[in-house]
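Read the structure below first, then the notes.
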Amino acid sequence: MRIDLESPVRHPRSLVYATYRDDLPTVAAHIPDVEAIVERAREERPPGPRIHNEWISRSEVPLFLRPFVSAEMLRWDDYAQWHDADHSGSFDVKLRFFTDHVTWRGWNRFLAPTPSTTEVRVEGIIDVDVARIPGVPRMLVGTLKPRIERYVATVMGQNLHQMNASIERYLTRAA
């Protein structure tokens, strides 16, 4: 499933980009569905830092996933390579559930439609290989795949809007 999301932040691009890249663990406390973001590793590289963040969600597991996913599994590892020159970052996310059966990769792009506004775009692919998930009855594979992918995409979209609202408040208070 292709993901294309966008959400504005009313602050300059360089500031929003730097906040996403460097301050997510601090901003996480203000995002409703996120318990915490923990920076696990950071390596400074020529295009920009490579960062491994662990995200811990507060979201409730949907009823249709409860036989397969526990609340403790709602964590994911975000491996990002930031590209400072063009205000973008590539990411590869590894979920704590269905780890070997879910692919979630893409790009974050930070555009400047005006000097004081940033358009945050997330583009990527989520693919769930439901047929290989242990315990999923064969007759449910065709039904579960789009539901799981839509669920992940919906949560991702909600988190993007919540995160941008939180970043906007965070940057406004800091100004």
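Only the coordinates and a few stated rules stand behind these numbers; no lab work does. Model, not experiment: these values are computed from the prediction. Heads up, the Cβs are rebuilt from the backbone with ideal geometry, glycines too, and the neighbour counts pull from every protein chain shown.
Highest mean packing comes first when the peptides 41-49, 80-88 are listed by Cβ atoms within 10 Å, giving 80-88, 41-49. The angle between the Cα long axis of helix 13-22 and the longest principal axis of the Cα atoms of the chain comes to about 50 degrees, rounded to the nearest 10. Output the relative contact order of the chain, whole-number percent, from Cα pairs under 8 angstrom with separation of 6+ residues. Taking the mean separation of contacting Cα pairs over the length of the chain, I get 27 percent. Between 154, 79, 134, the Cα set farthest toward the positive side of the dipole of region 2-174 (charges on each charged residue's Cβ, about the Cα centre) is that of 134. Per-residue ellipticity at 222 nm computed for the chain from its helices equals -9000 deg cm²/dmol, with DSSP H segments shorter than 4 residues left out and the rest contributing -39,500 (n - 2.57). With K and R counted +1 and D and E -1, the other residues having a Cβ less than 11 Å from that of residue 2 yield a net charge of -4. Taking every alpha-carbon pair in the chain and binning the separations at 5 Å intervals from zero gives 1, 8, 16, 21, 20, 15, 9, 6, 3, 1, 0, 0 percent.
Between helix 141-174 and the chain, what is the angle of the helix's C-alpha long axis to the longest principal axis, kept within 0 to 90° and rounded to the nearest 10? With rounding to tens, the tilt is 20 degrees.
In a reduced charge model with +1 at each Lys and Arg Cβ and -1 at each Asp and Glu Cβ, region 2-174 shows a dipole moment near 360 debye about its Cα centre.
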